[in-house]
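See structure below.
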Amino acid sequence: MSRSSKQQYSFWFVMVVALFVTCLLIANIIAVKPITLLGLTVPAGTIIFPISYICGDVLTEVYGFRRARTVIWLGFVCNLLAVMAIWAAQSLPGASIWDAQIAFERILGFTPRLLFASFCAYLVGEFANSFVLAKLKIMTSGKYLWMRTIGSTLVGQGFDSIVFITVAFLGIFPTELVITTIVTQWLLKSIYEALVTPLTYGVVNFLKRHEDMDAYDRDISFNPFVIIEPEKETSR
């Protein structure tokens with residue numbers, strides 16, 4: 001009997017989910033600051049956002065697409081809650097001793113277009129990453145984890161970069177700059193995950209041993225809008 005049949009959510013599953021959501025929220029908060037990385041100008045969120053993709057890989061590889069899908073939507077809801085809280089704090093009148101409203105709005109404020117672009121890119125990128133990884137696992141019979149994680153990242157980060165930069169900046173920046181920014185972010189985030197592949201291997205192997213799980217997503221729905229679905233993933 002697998003451990004998943006004895007308890008719905010294990011300690012380690014909760015830890016991975018917490019790390020996933022934390023990295024997502026932090027990345028969105030610090031993304032307002034442009035930084036120079038390897039001579040390129042990118043949002044500061046680039047230094048931590050790829051970790052959410054690594055967590056997504058771990059969730060899909062160990063627990064299956066069904067659980068990864070639930071976590072992706074959980075991240076979306078948490079991000080939406082954070083945005084609503086920030087908006088409320090920004091809109092409510094400050095106390096008489098508060099003299100940093102302009103700085104608060106500059107750092108934590110957002111425009112509807114950028115917010116919409118961020119939400120769309122997140123959902124498209126994360127679901128594409130998880131879908132490709134799950135499908136490749138079936139095709140390779142669970143072999144070549146490095147190829148599956150890097151391949152899914154190339155697709156997921158590609159969609160994420162294309163959707164966000166296009167929706168957020170097309171018509172504002174020159175088309176050439178939009179294309180250059182898409183390619184730059186895609187390459188940096190993909191290289192990031194490729195470099196930490198050994199860490200991904202270690203985490204995946206650790207969880208498979210301790211959870212007694214190795215999900216293969218056969219005969220399940222890959223519809224991203226199916227939130228609740230009976231577990232059908234089969235082990236190796």
If amide H atoms are modeled at 1.01 Å from N in the peptide plane, then the residues at a separation of 5 or more from Leu37, or on another chain, having amide H under 5 Å from its own are Val42
FRET efficiency for Ile107 and Val167, using Cβ-Cβ distance with R0 set to 22 Å, rounded to 0.05:
0.50
Over segment 66-112, volume per residue of the alpha carbon convex hull, in Å³:
79 Å³
Note the full-extension length gain between Lys33 and Gln90 as 0.36 nm times their separation in residues minus their Cα-Cα distance, in nm to one decimal.
18.6 nm
For the chain, modelled as a Gaussian network with Cα springs under 10 Å, which listed residue fluctuates most, Gly109, Gly94, Gly202?
Gly94
Rounded to the nearest 0.05, FRET efficiency between Ile47 and Phe225 (Cβ-Cβ, R0 35 Å) equals 0.65
Can you give the angle from 0 to 90° between the axis of helix 11-30 and the longest principal axis of the chain, with both taken from C-alpha atoms, to the nearest 10?
20 degrees
Between Ala194 and Thr22, take the C-beta separation as r, use R0 = 30 Å, and let me know the FRET efficiency to the nearest 0.05.
0.85
Given H placed 1.01 Å from N in the peptide plane, which residues other than close sequence neighbours of Gly64 have an amide H under 5 Å from its amide H?
Ala215
Per residue of segment 100-114, what does 6.51 cos²θ - 1.76 cosθ + 1.60 with θ = phi - 60° give for ³J(HN,Hα)? Whole Hz please, x for Gly and Pro, Karplus curve as stated.
10, 4, 5, 5, 4, 5, 5, 7, 9, x, 8, 9, x, 5, 5
Mean-position separation - Cα centroids, segment 54-126 and segment 210-228, in angstrom:
25 Å
Cα extents of the chain along the three principal axes, largest first (Å)
61, 42, 29
Put a dot 7 Å past each Cα toward the Cβ at Leu177 and Asn205; how far apart are the dots in nm?
4.7 nm
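Bear in mind these aren't lab numbers, they're just calculated from the coordinates by the rules spelled out. Note that the structure is a prediction, hence the values are computed from the model and not measured. Here the Cβ is made from the backbone with ideal geometry for all residues, glycine too, and neighbour counts use every protein chain on show.
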